[in-house]
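Reviewing the structure listed below.
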Amino acid sequence: MLKIENLTAEIDGKTILNGLSLEVAAGEIHAIMGPNGAGKSTLSYVLGGRPGYEVTGGSVIFRGQDLLDMEPHERAASGLFLGFQYPVEIPGVSNVQFLREALNAQRKGRGEEPLSGGEFLKVAKEKAALLKLDMDMLKRNVNVGFSGGEKKRAEMVQMGILDPAFAVLDETDSGLDIDALRVVGDGINTIMRNSGKGVLLITHYQRLLDVVKPDKVSILSKGRIVKTGGPELALRLESEGYDAVMAEPA
């Protein structure tokens, strides 16, 4: 579903991704772990098409298409979702308004009819219930006054409503307490563990992977993948640390 080959990228003239290659199959949850400064967030921004991140080499094929040749809104319409480590606040725009516009913009990009207000609210209520988020929260301005856990749950509701084929989730567990982590993790499982969907799950810690069980785990260091294994690799990182595990022969 997602195939990255020898990807290089820089920001402000500094190379961050340095020959990164990675493949995520349909129906697979692939966790990316790595020390600070390894390039994890840069990878997510490049895949999402964030301005300021210049791709200088390599290729990214998503569902048979050249992802790097698409504008950010085209990537979203093609089925790609990007979850942020720090979801932004949008004063003056309600969650309901924002999400309906986002969903109908994607539907238009795919040549589908827009949802009416009633049809959208039905979908929104269903997805909000999955994340135990009160509908009154969705009537408030996007993330304004939300706690860290509420922001992440609201973002997962957004993912559920948009129903992407593939999600790139950048440190979704950041700032979550134990209960919120469980709710968000269960939401990821419910929304994305359907046949044919894929997830690139960027995280520092095993605790999220206890809830969202990955099929594969890769270590990203100095802008490239240095080791890939099964779920046991994350457990080893938790107990032994990055230096010990990465020091082993490939």
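The values are calculated or read from the model by the stated rules, or taken from the named source; none is laboratory data. The structure presented is a predicted model; accordingly, all values stated were derived computationally and were not measured. Virtual Cβ from ideal backbone geometry, glycine too; neighbours counted across all protein chains shown.
The set of residues in segment 167-199 that are crowded, with 23+ Cβ neighbours inside 10 Å and either within 24 Å of P114 (Cα to Cα) or polar (S, T, N, Q) (or both) comprises A167, T172, I191, M192. Look at segment 104-145 and say how many of its residues are free of Cβ contacts under 8 Å to residues at least 12 places away in the same chain and under 20 Å from D179 (Cα atoms). The number of residues fulfilling the criteria is 4. Only one of the numbered conditions (1) farther than 29 Å from G117 by Cα; (2) in contact with a helix residue (DSSP H, G or I) (Cβ under 8 Å, 6 or more places away or on another chain) is violated by R224, and that is (2). When restricted to residues that are without any contact (Cβ under 8 Å) to a residue 12 or more places away in the chain and either among the basic types (K, R) or surrounded by 15 or more Cβ atoms within 10 Å (Cβ to Cβ) (or both), segment 72-103 contains 1. Scan segment 71-82 and tell me whether some residue there is within 17 Å of the chain's Cα centre (by Cα) and under 25 Å from S147 (Cβ atoms). Yes - at least one qualifying residue is present in segment 71-82.
Here's the yes/no breakdown for (1) among the aromatic types (F, W, Y); (2) at pLDDT below 90:
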| position | (1), (2) |
| --- | --- |
| A124 | no, no |
| K127 | no, yes |
| L138 | no, yes |
| A180 | no, yes |
| Y205 | yes, yes |
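With respect to K14, determine if the residue is among the charged types (D, E, K, R) and either touching a residue at least 40 places away in the same chain (Cβ under 8 Å) or more than 18 Å from S221 (Cα to Cα) (or both). Here the answer is no, as K14 does not meet what is asked.
Before we move on, is I61 under 26 Å from D173 (Cβ atoms), modelled with pLDDT of 95 or more and assigned to a strand (DSSP E or B)? No.
In segment 1-34, the qualifying residues are those that are more than 18 Å from the chain's Cα centre (by Cα) and outside any strand (DSSP E or B), and the one that is farthest from D170 (Cα to Cα) is G13.
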